[in-house]
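Student: Have a look at this one before I ask anything.
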Amino acid sequence: MSSEINVLPATADDYEEVMSISGGIYKGVDYLPYRYHAWLKDPRRRMFLAKCDGKVVGFESFLLVDGGVTAVVEGLRVAPWMRGRGVAGIIQKYCIDTLRSDHPEVTTVSLSRAENPPPSLLKKYTLISSKAVISVLLPSDQFEEGLKLLESRVDNSERSINHSVLGHTEVLKLFEGTKIEEELLPGGRLVQGWLPLTTHRANLELLLERKIIWLYSHPCDTGDFLVSSSDNTTSDTSRSSPRFLSLGTHPFPIPFAKGAHRLDIDMFGNDPACAKSHVLKQLKMGIQALPAGGDIIFFMFAEESLRAVLNDLCEGLTPFIVVREQMVLDMEI
């Protein structure tokens, strides 16, 4: 490479340049435009730019989690005209070197990637877990028709599954023991919005800062705590549903089109009936939170065993395929 690459901290003033190298990324459903300024304000996160000849050509960040002993690397992007020229490797190496020098307490680096990561990445990182990704475009003028279609595929027994929206105290209580992790979290990771986390108390507090709907289904006959149902009706205690958890984001704006919003539904558990029920309920709540006239692209992240069920649930709606698999990888440093 003829010109030198320099890596330096990102600032608020760099926003437009970072966005300029991100055009079209993830087919217009990029989360970074919405999160960039919030990330800058988070003392647990550091953000970096790669520059060449004074122009931004790369971006990367890391977030300290697990009380400071793990770093999650997020947001990698390289300018289209610089791809294949080693920029990603330079900025990633800079992040690792910074962790070793400034945060020696960090022992693990974690990240999430789509399917088919480069072989060079797999040589350094260990695969921890993976999930199926199904994504759908639902225009605002098709909300009523789309919801009716989904409802027609969720039968009465599935609709009667117990749902509880968890508050702060309930979320912390849910993960006090190991039972939930063993049942719901292969690899021990609670992945939300592509952010892979353990259930360390500090990580739960981090997630609770976000506008996330924690929807939980649980056996009614096991002594699990109960909280108010999400639709303010009495939970159906006649059906013993398996444990299932979903995290739904507040719909956030994306570059795809004017008024377009994205909704992520991360699911934990492998029960098909619960998966269908949770998607319907999370989607209904997400649509209610949308501004008038806003289209929605919703992403479902679930165990691979649920891919066919969720594809069947959404048959007839418009697929919006960006990626098909979400992988979580770790590296010891």
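The values are calculated or read from the model by the stated rules, or taken from the named source; none is laboratory data. If you're wondering where the values come from, they're calculated on a predicted model, not measured in any experiment. Here the Cβ is made from the backbone with ideal geometry for all residues, glycine too, and neighbour counts use every protein chain on show.
Student: Select from the range 152-180 the residues that are in contact (Cβ under 8 Å) with a residue 12 or more places away in the chain, part of a helix (DSSP H, G or I) and surrounded by fewer than 18 Cβ atoms within 10 Å (Cβ to Cβ) and list them in ascending order.
Tutor: Within the range 152-180, Ser157, Arg159, His168, Glu170, Leu172, Lys173 meet the criteria.
Student: Would a scan of the range 30-46 turn up a residue that is in a strand (DSSP E or B) and closer than 27 Å to Leu204 by Cα?
Tutor: Looking through the range 30-46, at least one residue is in a strand (DSSP E or B) and closer than 27 Å to Leu204 by Cα.
Student: Separate question: Would you confirm whether or not the range 226-234 contains a residue that is part of a helix (DSSP H, G or I) and either surrounded by fewer than 21 Cβ atoms within 10 Å (Cβ to Cβ) or at pLDDT 95 or above (or both)?
Tutor: no
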